[in-house]
Each structure stands twice: as structure tokens, then as C-alpha cells.
Amino acid sequence: MDNTLVHKTATGAIWATIDRFGNMALQFIVNLVLARLLMPDDFGAIGMLAIFIAVSQVIIDGGFGNALIQKKNPSQTDYSTIFYWNIGLSTVMYSLLYAFSPYIAIYFKMPILSDVLRAIGLILITTSIISIQTVRLRKQLAFKTIAITNLGSYITASGLAIYLAYIGWGVWSLVLLQITSGIMSIILYWLQTRWHPSLTFSTKTICSLFSFGGYLFAAGILQEVCKNLQGIIIGKKFSATQMGYYSQAYKLDIVCSYSIPQVIVQVMFPVYSSIQDDKQKLIAILSMNIRIISFLIFPLMGLLILIAEPLINALYGEIWLPCVPYFQILCIGGLFACLQNINFYAVAAVGRSRNLFLWSFYKWGFLLAALLIGINWGIYGLLWGMVLSSLNIYLINAYLAFRFVGISIIHQIINILINIALTFIAFTLAWTINSYFNLHFIIISMIFTLSYLVLAYGFKNKGLFESINLAKRLIK
């Protein structure tokens with residue numbers, strides 16, 4: 001990678017990290033406050049509707065966002081066309097959600113869900129209005145503007161949500177959190193970016209971009225349906241309370257297992273696309289990313305499994321302790337989930353979206369089968385089915401990266417197994433010490449972390465030294 005690209009990538013990584021972790025910290029704090037003001041049923045209601053919003057957003061994007069990023073020199077006509085397309089499609093999708101919301105409420109046997117879905121569905125329109133602004137900024141690696149805008153909008157919305165929860169608005173405080181955040185994002189993005197759509201629309205643009213983005217679009221729909229399918233099953237098969245416990249455990253797991261990988265994916269996809277013709281350079285960068293992510297995320301997942309009960313009690317209170325085993329099982333799946341998108345976007349960057357789409361049928365078919373089989377053993381069986389599916393998806397994406405990028409699957413697995421082994425040793429040591437002395441979870445965390453770092457240094461783990469070098473580069 002040349003010096004200019006290194007500088008832009010490093011700067012982008014800094015601001016993408018600020019954006020991701022700043023928002024993550026804010027969401028985490030706000031969620032802690034709201035969890036003590038609201039009931040599990042309130043979170044469960046939002047969790048039941050997540051699939052409808054997620055799938056609608058994928059349909060609206062249509063894969064065009066990533067297609068514009070992957071395209072080397074998109075024109076003003078390209079941007080304007082997709083802008084108007086997104087606005088029109090978001091209006092259609094919101095109308096459909098509005099019309100079918102009573103039937104969705106009947107399915108879950110919760111009448112309030114009809115009004116909740118009609119309100120929260122407005123974020124489809126707010127997201128579409130800023131879609132091209134965010135695409136252009138990502139393509140330019142202008143993550144500073146994205147970070148400032150996202151943080152500003154969420155700070156404003158969270159203040160309102162906490163106040164509404166405090167005065168007893170219940171689930172509506174969660175609804176207005178998302179709507180207000182969307183409205184503020186529109187205001188801030190349009191104030192900070194100078195791009196405006198032209199009065200032009202090209203069907204040729206739609207067709208050409210869909211040739212790439214269309215497969216990502218279809219794969220994205222399958223991914224969102226299957227990723228949120230467990231919410232529909234839990235909400236229907238069990239109760240809103242159990243859905244609330246699952247939702248809280250899932251959100252905490254996502255924060256921990258996806259935050260660092262998402263920062264890297266967000267920054268590296270434009271970089272992957274810019275060097276898609278240089279396979280050796282692409283393989284080198286992809287390999288380094290896998291080593292860094294597994295080095296950082298694997299011990300984090302192990303530590304969270306170890307201290308899950310005292311951690312959740314300290315953060316959310318005793319009322320949320322039933323979600324502890326849910327969280328621990330999800331963390332096991334997080335070991336593999338954290339690496340899925342790294343391989344996925346490397347394959348997408350070299351223009352193999354069609355192959356990603358075709359293989360997605362197998363990946364998500366496996367998940368559906370795992371969920372349907374696992375549900376026979378209750379909610380825990382369903383969660384273990386998710387873990388097996390997470391491993392399966394990683395292996396498929398690793399195979400596709402080997403086939404189309406050229407990175408060795410064996411090489412990936414060796415790097416991963418090294419970090420799993422170090423995590424297991426540190427986990428066993430910390431667990432043994434705690435079983436004898438029953439220490440505070442902060443002390444146990446320190447013992448675990450120190451043990452892991454000493455082991456990594458002793459075994460000359462590449463991930464350790466690459467993480468240090470990356471941190472130094474970002475600081476400079």
C-alpha cells in the first residue's frame with residue numbers, strides 16, 4: 001500500500017473507530033439507563049419488530065450503496081439516480097409496513113405492536129434521505145464527518161429517550177430514540193455535506209449497478225431475515241419477557257463481538273476495492289486483519305463468558321440476570337461471527353457478489369435448519385443452533401476468500417486456533433483462581449488479561465505485535 005493510501009486508511013480508521021466506539025459507548029450507557037427504567041417486555045416488543053425494519057432497509061438500499069463504493073468513478077447521475085430510487089422505495093416499504101402492522105401485531109398477540117411498527121417504520125424514510133451522503137463520505141474515507149454527525153444525532157436523541165422513559169413512556173421512549181436520531185442525522189448530514197442531487201434519473205445506472213449490487217441486495221435480504229429469524233421464533237414461541245432477555249443479551253454480544261471487526265470492515269472495504277487487481281497486496285492486508293481481529297476479539301469473548309453473571313448484575317441489575325446464559329452462549333458464537341464479514345467483503349471487493357449470493361442460500365438454509373431443530377430443546381437449543389450456524393458461515397466465507405482472493409483456509413485456521421488456545425489457557429487459569437478465592441470480577445478480568453498478554457508475548461503471537469504496530473500508526 002502506498003504512503004497516501006496508508007495515511008488515508010489510518011486517518012479513516014481513527015475516525016471510524018471514534019464513530020463506532022463513541023456511538024457504542026453512548027448506546028451502551030443509554031441502554032444501561034433505559035434498562036433500569038423500562039421492563040424486559042418493552043425491549044422485547046422492539047426486538048420482535050427488528051426483522052421487519054432490517055429487511056426493509058436492505059430492500060431500500062438494494063445493494064446500490066456498496067455498488068457505488070465498489071465502482072471506481074461514479075458520476076453525479078449515478079448518485080442522483082440512487083438517491084431518488086431510495087426515497088421512492090422507502091416510501092413504498094413504509095406504506096407496506098403501515099398496512100400490514102395490524103396483522104403483525106395479531107401474529108405476536110401484542111396489539112401495541114401495530115402502532116409501534118407504524119411509528120418506528122419512519123426510520124426507513126430518514127435513512128434513505130441520507131443514504132448517498134454516507135456512501136460518498138465512506139468512499140472518500142471521510143469518516144471524521146460521519147463520526148461527528150452520528151455522535152451528534154445520537155446524543156440529542158438519547159437525552160430525549162431517557163427523559164421519556166423516566167416519566168413513564170415505556171416502549172415509546174425506545175421508538176422515539178430511533179426516530180429522533182434519524183431526524184437529527186438528516187439535519188446534520190445535509191448541513192455538513194455539499195452534495196445535492198441533480199434533477200436526473202437513469203435506468204442505465206440502475207441496471208449497471210444492480211449487476212453488482214443486486215447480488216449483495218439478495219444476499220443481504222437472506223442475511224437479515226435469517227439473522228433476525230430467531231427473534232420471530234422467540235417472540236412467537238415464548239414470551240415478550242424472554243424476547244427482552246434475548247434482545248438484551250444479543251445487543252451486548254453484538255457490541256463486543258462486532259465493534260472492532262465492523263470498524264475494520266468499514267474502513268477496509270473501500271481499500272480492498274481500490275487494490276482489487278493486486279491480489280498479493282489484498283491477501284497480505286486480509287491476513288493481517290484476521291490476525292488482529294482474532295487476537296483482540298477471542299480473549300474478549302472468553303473474558304465475557306467468565307464474568308457474565310457479575311457483569312450483567314452490575315450493569316443492568318438483578319432483573320436481567322436470566323439473560324446471563326443467553327449471553328454466554330452467544331459469546332461462543334461471537335468467536336466466529338467476528339471474522340465473517342472480513343472475508344465476505346474481501347470477496348465482494350473483487351467483484352464476486354454473484355458467488356456470495358449463491359452461497360448465501362446454503363449458509364442461511366443451514367441456519368434455518370439449525371434453528372428449527374434446536375427449538376425442540378427450547379430457547380437454549382435455538383441458541384446453540386445459532387452457534388453452529390455462525391461457525392458454518394465463517395467456514396463458507398473463508399472458502400470463498402480462498403477461491404476468489406487466494407488466502408489459504410489452513411493459514412486462517414492456524415492463526416485462529418492459536419488465539420483460541422491462548423484464550424482457553426488464560427480462561428482456565430482465571431477460572432481456577434476464582435473458584436478458590438471468589439474474587440471481584442474486575443480483579444478476575446485483570447488476571448485473565450495479564451495471563452493472555454503474557455502468553456501471547458511468550459509465544460511471539462503475530463497478532464499482538466501487529467496490533468501494537470497498528471495502534472502506533474493510528475496514534476501518529
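What follows is calculated from the coordinates using simple rules that are stated; it is not laboratory data. Being a predicted model, the structure only gives us computed values, none of them experimental. Methodologically, a virtual Cβ is constructed for each residue, glycine included, from the backbone with ideal geometry; neighbour enumeration extends over all protein chains shown.
Ranked by Cβ crowding within 10 angstrom, fewest neighbours first, how are PHE64, PHE143 ordered?
Result, fewest neighbours first: PHE143, PHE64.
With unit charges on the beta carbons (Lys and Arg positive, Asp and Glu negative) and the dipole taken about the Cα centre of the chain, which residue among SER239, LEU304, TYR326 sits farthest to the positive side?
Of SER239, LEU304, TYR326, it is LEU304.
Once the other residues with Cβ under 15 Å from the Cβ of TYR250 are scored (Lys, Arg +1; Asp, Glu -1), what is the net sum?
Combined, the nearby Lys, Arg, Asp and Glu give 0.
Which of ILE234, ILE179 has the fewest other C-beta atoms within 10 Å, and how do the rest follow up to the most?
Least crowded to most crowded, the residues run ILE179, ILE234.
Could you work out the local net charge near SER294, counting Lys and Arg as +1, Asp and Glu as -1, over the other residues with Cβ closer than 15 Å to its Cβ?
So the surrounding residues net to +1.
Positive end of the dipole of the chain, charges at C-beta (+1 Lys, Arg; -1 Asp, Glu), about the Cα centre: which of ILE413, SER101, ASN313 has its Cα farthest in that direction?
ILE413
In debye, nearest 20: dipole of the chain around its Cα centre with unit charges on the Cβ of K, R (+) and D, E (-)?
Using Cβ point charges on Lys, Arg, Asp and Glu, the chain gives about 1120 debye.
Set the Förster distance to 51 Å, then compute FRET efficiency between PHE437 and ILE106 from the Cβ-Cβ distance, nearest 0.05.
0.40
Karplus couplings for the range 397-408 from phi (6.51 cos²θ - 1.76 cosθ + 1.60, θ = phi - 60°), rounded to Hz, Gly and Pro as x?
5, 5, 5, 5, 5, 5, 6, 10, 9, x, 7, 5
In what order do ARG136, ARG194 fall by count of nearby beta-carbon atoms within 10 Å, going from fewest to most?
Ordered by Cβ neighbours within 10 Å, fewest first: ARG194, ARG136.
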